[in-house]
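Working notes, structure below.
The values are calculated or read from the model by the stated rules, or taken from the named source; none is laboratory data. Note that this is a predicted model, so its numbers are computed, not measured. In this analysis, Cβ positions are derived from the backbone assuming ideal geometry, glycine residues included, and neighbour counts consider all displayed protein chains.
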Amino acid sequence: MSDLKNLIRTIPDYPKPGVLFRDVTTLFADAQGFKAAIVQIAEPYRTEPVDAVAGIEARGFILGGAVADRLGCGFIPIRKKGKLPWKTVAQDYELEYGTDTIEIHVDAVKKGERILIVDDLIATGGTAEAAAKLITRAGGQVLGAVFVIDLPELGGRKRLEELGVQCHSLMAFEGH
């Protein structure tokens, strides 16, 4: 785990002063590190019946597609509003200053399907919570949520677990 953690670049004061941005693109660029991360993300679900992986835009697409391939299931892109070309179902969520919306196609989830949510990082949990609510509203069952990085001080994992969503992360970083 420490080897993977060493592949994460920290950028101070981005996107604003006081924030330590955890950049997973350096992990993605390392072939062995990326492969190890995908194996570790998928491992808790290797023997579970997963119908699809839902990846949250944009780094969740990279991770989610690879995890779906490893688990032998489909992939659902969770996109920002207005990015999908067909009929959608949407979920609004709160940001620090305002709201945002994520969407999936109306036929992306079949009733009762078991869906695994994947993203690069969980901070406050707003986007991941919206993804879980969206999957549930679409008729799916959220099997769990997996992240490369957890920022525990921001409470996102706890927020998801309070909704009954089982969470896994490969590593945690203090601060935000």
- Item | Which numbered condition Val19 fails, given (1) crowded, with 17+ Cβ neighbours inside 10 Å; (2) closer than 30 Å to Glu153 by Cβ; (3) touching a residue at least 40 places away in the same chain (Cβ under 8 Å); (4) not charged (D, E, K, R) | (1)
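Would it be correct to say that Ala108 is under 16 Å from Arg137 (Cβ atoms), surrounded by 14 or more Cβ atoms within 10 Å (Cβ to Cβ) and in contact with a Pro (Cβ under 9 Å, 6 or more places away or on another chain)? Break it down stepwise before answering.
Details: under 16 Å from Arg137 (Cβ atoms): yes; surrounded by 14 or more Cβ atoms within 10 Å (Cβ to Cβ): yes; in contact with a Pro (Cβ under 9 Å, 6 or more places away or on another chain): yes.
In short, yes.
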- Do we have Thr99 as surrounded by fewer than 17 Cβ atoms within 10 Å (Cβ to Cβ), hydroxyl-bearing (Ser, Thr, Tyr) and not in a strand (DSSP E or B) here? no
- Message: Show the residue pairs meeting these rules: Cβ distance below 8 Å; 6+ apart or different chains; first residue within region 153-176 and among the aliphatic types (A, V, I, L, M); second residue surrounded by fewer than 16 Cβ atoms within 10 Å (Cβ to Cβ) and modelled with pLDDT under 95.
- Response: Leu154/His176; Leu170/Met1; Met171/Met1
- Any idea which of Ala29, Ala42, Ala36 is under 24 Å from Leu71 (Cβ atoms), exposed (fewer than 14 other Cβ atoms within 10 Å of the Cβ) and not aromatic (Phe, Trp, Tyr)? Ala29
- Note on the structure: Taking region 63-95 and keeping only residues that are without any contact (Cβ under 8 Å) to a residue 40 or more places away in the chain and part of a helix (DSSP H, G or I), one is left with Gly65, Ala66, Ala68, Asp69, Arg70
- So, of the residues in region 1-16 that are in contact (Cβ under 8 Å) with a residue 12 or more places away in the chain and out of contact with any strand residue (DSSP E or B) (no Cβ under 8 Å at 6 or more places or on another chain), which turns out to be farthest from Leu151 (Cα to Cα)? Asp3
- Item | region 123-176, subset surrounded by fewer than 19 Cβ atoms within 10 Å (Cβ to Cβ) and among the acidic types (Asp, Glu), residue nearest to Val53 (Cα to Cα) | Glu161
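Within region 120-132, is even one residue hydroxyl-bearing (Ser, Thr, Tyr), under 13 Å from the mean Cα position of the chain (by Cα) and on the phi < 0 side of the Ramachandran plot? Outline the logic, then answer.
As a first pass, look at region 120-132 and keep what is hydroxyl-bearing (Ser, Thr, Tyr): 124, 127.
Subset that is under 13 Å from the mean Cα position of the chain (by Cα): 124, 127.
Next, only the ones that are on the phi < 0 side of the Ramachandran plot stay: 124, 127.
The answer is yes; a qualifying residue exists.
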- Item | Enumeration of residues in region 79-102 that are farther than 16 Å from Lys133 by Cβ and modelled with pLDDT under 95 | Glu96, Tyr97, Gly98
- Task: Check whether at least one residue in region 57-67 is exposed (fewer than 12 other Cβ atoms within 10 Å of the Cβ) and either modelled with pLDDT of 95 or more or at positive phi (or both), and report yes or no.
- Result: no
